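To keep things clear, I will list the structure first and then write my remarks on it.
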Amino acid sequence: MTYTVPHFIQGKIVQGRSNHTQPLYNPATGEIIGQVALADKQEATAAIFAAKAAFPSWAATPATQRTQILFKFNHLLHQHLDELAELITREHGKTLTDARGSVLRGIEVVEFACGGPNLLKGAFSDNVSKGIDTYSMRQPLGVCAGITPFNFPAMIALWMFPLAIACGNTFVLKPSEKDPSCSVRLAQLMHEAGLPDGVLNVVQGDKIAVEVLLTHPDIAAVSFVGSTNVAEIVYKTAAAHGKRVQAMGGAKNHAVIMPDADLEQAADAIVGAAYGSAGERCMAISAVVAVGESTANHFINKLKNRVLDLKIGDGHSPEVEMGPLITAEHRERVKSYVDLGVNEGAKLVIDGRDYQHPTLKNGFYLGGCLFDHVAPHMRIYREEIFGPVLCVLRAPDLETALQWINAHPFGNGTAIFTQSGHSAREFATQAQIGMVGINLPIPVPSAAHSFGGWKLSFFGDTGMYGTDAIHFYTRLKKVLERWPSAVKVGVDFNIPTARA
Ligand code: NAD
């Protein structure tokens with residue numbers, strides 16, 4: 001039985017009317033399991049209008065009452081964790097444990113958003129000038145939009161709407177059209193938790209719906225996560241239409257392996273970070289820089305066995321470590337990068353291009369691929385591949401590794417594996433990258449610290465979640481007040497100062 005994924009507008013499931021649909025696949029089997037209704041301009045606008053109508057009363061709801069709903073939502077997310085993980089695995093293909101973990105990382109942000117009343121506290125200074133007090137308050141922006149990628153159907157949506165809503169905004173979420181079911185389920189759970197109609201709306205769609213969100217005068221702010229090309233378009237278009245924008249883009253994350261690293265532990269960490277979720281993570285390690293020839297030789301040997309042993313298959317099976325890619329087209333794209341790497345002269349140590357699953361012949365599987373002797377000018381190194389392909393570069397020293405990392409156009413995450421505090425400190429200080437791991441391959445910050453890369457991995461200035469998000473989803477108002485006494489102050493034509 002196939003299904004059609006609807007919109008969720010004004011507190012209700014709304015079936016798409018545009019006759020514009022896209023098939024949904026189970027990537028593990030290659031079967032079409034449903035379709036998603038893609039919004040036309042009117043449907044996208046209807047979601048904006050629902051959010052606009054709900055804004056005044058939601059903004060006026062005390063922050064403590066708003067967060068009561070988030071507490072209940074948090075509880076429901078825990079209750080429905082397995083169901084959400086199953087939805088993710090079915091449409092995305094990642095393993096159930098990985099899917100579960102991604103929802104838990106999203107839940108951490110909901111828990112952070114439950115601290116809304118504290119996070120929204122303003123500041124107060126009394127007697128800044130004679131008898132004058134100043135205070136500041138954080139006020140919501142209005143209708144905010146979130147546009148999310150396919151690789152984390154729950155987590156990235158949870159980076160956005162809980163905080164926007166805790167701040168008093170209303171929201172329109174436009175999930176990826178490749179795995180859209182989870183977003184509707186999240187909206188339903190928010191309503192079960194008591195969210196008023198129209199505060200959170202989900203509009204399914206493609207660039208037609210995105211275009212409406214980026215240009216509509218009633219959208220105040222746009223949060224985007226996706227590829228760099230689209231992030232840049234989103235940033236420029238939304239900013240040109242007067243909106244606040246944060247747009248996260250693609251990545252090429254390096255791990256530096258120092259000669260003093262524990263190579264066994266580092267190899268375990270890198271295999272998980274490079275091939276977990278079939279490399280479809282913006283924080284996946286896709287480039288290793290081994291410092292010294294001997295480190296490189298030993299490390300490649302350790303990686304080789306682990307990559308050859310990867311258990312590939314349907315993410316529902318508990319023994320599987322790496323699922324399929326999201327679509328057949330994406331698998332072809334990743335394969336074409338492997339062809340390119342061979343043509344560019346890198347040494348393909350493990351070739352996963354001809355991998356065939358023994359029973360699931362039509363699934364979108366690709367074997368793990370490992371390149372050695374990759375050079376900094378090669379396109380397989382400079383561009384994001386977003387698949388199970390790891391490039392190993394060989395550097396003579398940490399300084400050269402840092403030069404390559406800092407010259408790279410992307411700047412999302414990076415890691416160093418070492419036992420030297422000095423090398424680690426030097427690396428953390430010098431790397432021109434937004435998020436740094438020390439003996440940790442995927443340094444995704446916890447919910448109280450904001451997420452965000454540098455360079456082509458991020459357009460904007462305030463990151464996702466953490467206090468950055470409180471700043472992004474509110475604007476600061478400053479109030480100066482004087483309560484006149486019976487004593488007349490008289491007319492003063494000079495600028496007010498605090499000096500007597
Ligand atoms: P994508 O850019 O293709 O799509 C992201 C969203 O933009 C989707 O909702 C899609 O419908 C919409 N979209 C696609 N093309 C569009 C266009 N031309 N105009 C307007 N909207 C458009 O990204 P994806 O393939 O879904 O996700 C993978 C990418 O996301 C990778 O590049 C990955 O690195 C990146 N990503 C980045 C982060 C981060 O935090 N930096 C996190 C996760 C994923």
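Annotations
- Members of region 167-191 that are touching a Phe, Trp or Tyr at 6+ places or on another chain (Cβ under 8 Å) and assigned to a strand (DSSP E or B): Thr170, Phe171, Leu173
- Condition met for Asp461 (of a type in the set (Asp, Glu), out of contact with any Asp or Glu (no Cβ under 8 Å at 6 or more places or on another chain) and closer than 30 Å to Phe55 by Cβ): yes
- Contacts under 7 angstrom Cβ, first residue in region 175-191 being hydrophobic (A, V, I, L, M, F, W, C), partner assigned to a loop (DSSP other than H, G, I, E, B) and surrounded by fewer than 24 Cβ atoms within 10 Å (Cβ to Cβ), 6 or more apart: Val184/Pro6; Leu189/His80
- Helices (runs of 4 or more DSSP H) (entirely within region 213-315) containing at least 2 residues that are within 11 Å of the ligand (Cβ to nearest atom) and surrounded by 18 or more Cβ atoms within 10 Å (Cβ to Cβ): 228-240
- Lone unmet requirement of (1) small (Gly, Ala, Ser); (2) surrounded by fewer than 18 Cβ atoms within 10 Å (Cβ to Cβ); (3) part of a helix (DSSP H, G or I) for Gly341: (2)
- Pairs with Cβ under 8 Å, 6+ apart, first in region 374-395 and farther than 20 Å from Ser277 by Cα, second within 14 Å of the ligand (Cβ to nearest atom) and hydroxyl-bearing (Ser, Thr, Tyr): Arg379/Tyr337
- Scanning region 150-172 for residues that are over 14 Å from Phe224 (Cβ atoms) and either more than 12 Å from the ligand (Cβ to nearest atom) or of a type in the set (Phe, Trp, Tyr) (or both) yields Ala154, Leu158, Pro162, Leu163, Ile165, Ala166, Cys167, Gly168, Asn169, Thr170.
- Of the strands (runs of 3 or more DSSP E) lying entirely inside region 408-500, those carrying at least 1 residues that are within 16 Å of the ligand (Cβ to nearest atom) are 413-417, 435-438.
- Members of region 107-137 found to be touching a Cys at 6+ places or on another chain (Cβ under 8 Å) and in a loop (DSSP other than H, G, I, E, B), listed by number: Leu120
- Only one of Arg90, Arg105, Arg100 that is charged (D, E, K, R) and crowded, with 21+ Cβ neighbours inside 10 Å: Arg90
- Taken across region 110-126, residues that are closer than 15 Å to Ala187 by Cα and either surrounded by 15 or more Cβ atoms within 10 Å (Cβ to Cβ) or modelled with pLDDT under 95 (or both) do occur, with at least one present.
- Candidate set: region 414-432, residues that are in contact (Cβ under 8 Å) with a residue 40 or more places away in the chain and surrounded by 15 or more Cβ atoms within 10 Å (Cβ to Cβ); chosen: the one nearest to the chain's Cα centre (by Cα): Thr414
- Strands (runs of 3 or more DSSP E) contained entirely in region 1-80, each with at least 1 residues that are surrounded by 18 or more Cβ atoms within 10 Å (Cβ to Cβ) and in contact (Cβ under 8 Å) with a residue 40 or more places away in the chain: 3-5, 7-9, 21-26, 31-37
- With respect to the conditions (1) crowded, with 24+ Cβ neighbours inside 10 Å; (2) touching a residue at least 60 places away in the same chain (Cβ under 8 Å); (3) not aromatic (Phe, Trp, Tyr), Ile132 lacks only one, and its number is (1).
- Of the candidates His216, His241, the single residue that is free of Cβ contacts under 8 Å to residues at least 60 places away in the same chain and on the phi < 0 side of the Ramachandran plot is His241.
- Taking region 285-318 as the range and being of a type in the set (A, V, I, L, M) and out of contact with any Phe, Trp or Tyr (no Cβ under 8 Å at 6 or more places or on another chain) as the test, the residues that pass are Ile285, Val291, Ala296, Ile300, Leu303, Leu308.
- Annotation: Asp354 fulfils all but one of (1) more than 16 Å from the ligand (Cβ to nearest atom); (2) surrounded by fewer than 16 Cβ atoms within 10 Å (Cβ to Cβ); (3) of a type in the set (D, E, K, R); (4) under 30 Å from Lys455 (Cβ atoms); the unmet one is (4).
- Test: Gly363 is surrounded by fewer than 22 Cβ atoms within 10 Å (Cβ to Cβ), among the small types (Gly, Ala, Ser), over 22 Å from Gly411 (Cβ atoms) and touching a strand residue (DSSP E or B) at 6+ places or on another chain (Cβ under 9 Å): no
- Out of Ala274, Ala290, Ala231, one residue alone is in contact with a strand residue (DSSP E or B) (Cβ under 9 Å, 6 or more places away or on another chain), small (Gly, Ala, Ser) and farther than 25 Å from Ser176 by Cα. It is Ala290.
- Residue in region 182-195 that is in contact with a helix residue (DSSP H, G or I) (Cβ under 7 Å, 6 or more places away or on another chain) and within 9 Å of the ligand (Cβ to nearest atom) present: no
- Residues satisfying the stated conditions in region 138-166, i.e. outside any loop (DSSP other than H, G, I, E, B) and of a type in the set (A, V, I, L, M): Val143, Ala145, Ile147, Met155, Ile156, Ala157, Leu158, Met160, Leu163, Ala164, Ile165, Ala166
The values are calculated or read from the model by the stated rules, or taken from the named source; none is laboratory data. Only a predicted model underlies this, so the values are computations on that prediction, with no experimental measurement involved. Positions of Cβ are generated from backbone atoms using ideal geometry, with glycine treated the same way; all protein chains shown enter the neighbour counts.
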